[in-house]
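Below is one structure, written out as structure tokens; the observations come after it.
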Amino acid sequence: MLSCKEVSLLVSQARDRRLSWSERWGVRLHLWVCEQCRRYQRQVAFFGWLAQKLEADPSPLTGAELPEAARERIQKAIEACRHEGCRH
């Protein structure tokens, strides 16, 4: 049976290429008995779905819905950092 490390690699590779018949069955068998790897597979699928959604409509990342007052505060903080140095 494949190890968790091997399965996690194959689950990730499956996003970019078609796995061979033996790889697919090895992954399926392992996922049948390993909850952590099933969780990892769901996470990989979710992030793949999310990446597709954001590629199709990146507006959630543009800040277009940010209120003007918030944008001004952020801009002032950035400018203060540039001139005075940031306090972390």
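The values are calculated or read from the model by the stated rules, or taken from the named source; none is laboratory data. Because the structure is predicted, anything quoted here is derived from the model rather than measured. Every residue, glycine as well, gets a Cβ built from its backbone with ideal geometry; the counts of neighbours run over all protein chains shown.
The table for this structure:
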| read-out | value |
| --- | --- |
| Selection within region 7-35 - surrounded by 11 or more Cβ atoms within 10 Å (Cβ to Cβ) and either among the small types (Gly, Ala, Ser) or in contact (Cβ under 8 Å) with a residue 24 or more places away in the chain (or both) | 7, 8, 11, 12, 14, 15, 26, 27, 29, 30, 31, 34 |
| Answer residue from region 41-61, given it is within 15 Å of residue 16 (Cβ to Cβ) and either modelled with pLDDT under 85 or in contact with a Lys or Arg (Cβ under 8 Å, 6 or more places away or on another chain) (or both) and is surrounded by the most Cβ atoms within 10 Å (Cβ to Cβ) among those | 44 |
